[in-house]
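I have placed the structure first, in the form of structure tokens, so that the comments after it can refer back to it.
Any read-out appearing in this document is the output of simple, stated calculations on the displayed coordinates, not a laboratory observation. These figures come from a predicted structure and were not determined experimentally. No Cβ is skipped: glycine too gets one built from the backbone with ideal geometry, and neighbour counts run over all protein chains shown.
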Amino acid sequence: MFIDDLPTPALIIDAGALEANLATMAQAWPGNRLRPHVKAHKCSALAKVQQRFGHSGFTCATPREISGLAKAGIEADFLLANESVDPARLGAIAGTGATVAVDSDETVHAAARAGIKNVLIDVFVGLPRCGVEPDDAARLADLARSLRMNVRGVMGYEGHLMMVADATAKRDQVSAAMDTLRGCAEKVGGDVISAGGTGTWREHLDTGITELQAGSYALMDTQYATLGFPFRQAVHVVGTVISRAAGWAVADVGLKALGMDHGNPEVDGYDVWFCSDEHVTFAVKRDPNAHGAPTFLPKVGERVLVAPAHVDPTMSQHERAWVHRDGLVVDEWAIDLRGW
Ligand SMILES: Cc1ncc(COP(=O)(O)O)c(C=O)c1O
């Protein structure tokens with residue numbers, strides 16, 4: 001079967017691009033220096049490929065990602081890099097030996113009650129989301145130890161810095177955020193300093209963290225593509241043109257087949273006007289410098305490749321991914337870690 005034979009919209013993964021991305025990152029961040037974030041793909045089959053590239057731990061955003069990986073037969077050093085006070089969900093992952101991020105007395109007590117043995121103190125490093133105030137990190141670590149949990153170290157996610165365009169500003173801001181995190185690590189104890197993502201993979205080569213939590217690098221999206229990293233677009237949604245007018249065409253890849261929080265997707269060679277539930281409307285490029293871009297719209301029935309602006313929520317919209325090599329479908333992977 002070829003990707004042109006798939007019923008659309010269909011999520012496809014280019015195996016060659018994926019492998020090239022995994023190899024590039026594994027060279028810079030080998031073995032347990034990288035803790036790939038599975039929320040970016042939510043697919044245990046893809047996680048197994050990442051294991052083959054040498055990574056022995058995974059970062060997860062939901063308990064279900066951890067229990068799903070375990071159910072798929074993956075034994076690894078799991079990190080729930082997110083807060084939870086849900087005893088049932090925490091209890092369900094306790095048997096995997098997972099390490100859980102905590103940032104409050106409530107999350108520490110919930111982890112202890114659920115039988116979690118290992119925690120990381122999640123520190124606020126500038127992103128107004130999770131993370132304890134740096135001054136309170138050591139006290140929280142003591143509380144966790146008093147409840148007989150092992151404090152493995154600290155994590156801090158500087159998500160607000162991923163897309164900083166100016167290289168010097170980015171390096172300085174990431175470095176300042178990690179000064180805070182390293183300062184906490186000294187007071188908290190343990191040997192893990194976990195941080196970062198695809199957007200800061202280069203800066204962290206010099207920040208002294210022990211592991212990088214990157215996820216999007218594997219499949220990529222058009223937002224990260226603007227940063228000029230050596231990672232290729234490995235995931236697309238294939239669509240079929242279902243309508244055409246004089247000035248535009250419409251394919252069957254709408255916002256229900258895409259993550260739209262980072263804006264419109266790209267349709268190879270065309271200008272995207274907008275997405276609605278089940279449609280993407282696009283036109284011939286107006287930019288006169290767009291050399292090589294098609295000057296004709298595709299016909300009804302022809303296929304187009306749609307590149308998502310944000311990979312994570314795109315993956316979670318699909319039940320399966322079709323893996324291909326040069327258009328030939330070679331595998332079908334369940335997106336089995338969806339949900340919470
Ligand atoms: C806790 C945490 N770590 C790491 C990442 C990095 O992911 P990515 O490589 O996709 O930017 C994220 C993304 O949101 C995150 O929430």
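Points worth noting:
- When the Gaussian network model of the chain links Cα atoms closer than 10 Å, the mean-square fluctuations of Pro313, Pro294, Pro87 top out at Pro294.
- Averaging the sequence gap over all C-alpha pairs within less than 8 Å and six or more residues apart, then dividing by the number of residues, gives the chain a relative contact order of 21 percent.
- Shape call, the chain: gyration tensor on alpha carbons, a/c limit 1.5: prolate
- Each part gets one Cα centre, and for segment 280-340 versus segment 107-126 those centres are 39 Å apart.
- Fewest-first sequence of Leu337, Leu143 by Cβ atoms within 10 Å of each Cβ: Leu143, Leu337
- Checking the cross-link pairs Lys39/Lys285; Lys42/Lys71; Lys48/Lys71 against a 24 Å limit on the alpha carbon distance flags Lys39/Lys285 as lying beyond it.
- Counting beta carbons within 10 Å around each of Cys130, Cys275 and listing the fewest first gives the order Cys130, Cys275.
- Ranking of Val300, Val311 by neighbouring Cβ atoms within 10 Å, starting from the fewest: Val300, Val311.
- Relative to the current alpha-carbon distance between Lys117 and Glu278, full extension at 0.36 nm per residue lengthens the span by 53.4 nm.
- Sum of -39500 (n - 2.57) over DSSP H runs of 4+, divided by residues of the chain (222 nm, nearest 500): -8000 deg cm²/dmol
- Long-range tail of P(r) for segment 226-316 (Cα pairs > 15 Å, %): 58
- A DSSP coil position with no more than 16 other Cβ atoms inside 10 Å describes the following GluC sites (Glu not before Pro) in segment 1-110: Glu75.
- Full extension of the chain between Ala165 and Ser56 yields a length gain of 36.1 nm, computed as 0.36 nm times the residue separation minus the alpha carbon distance.
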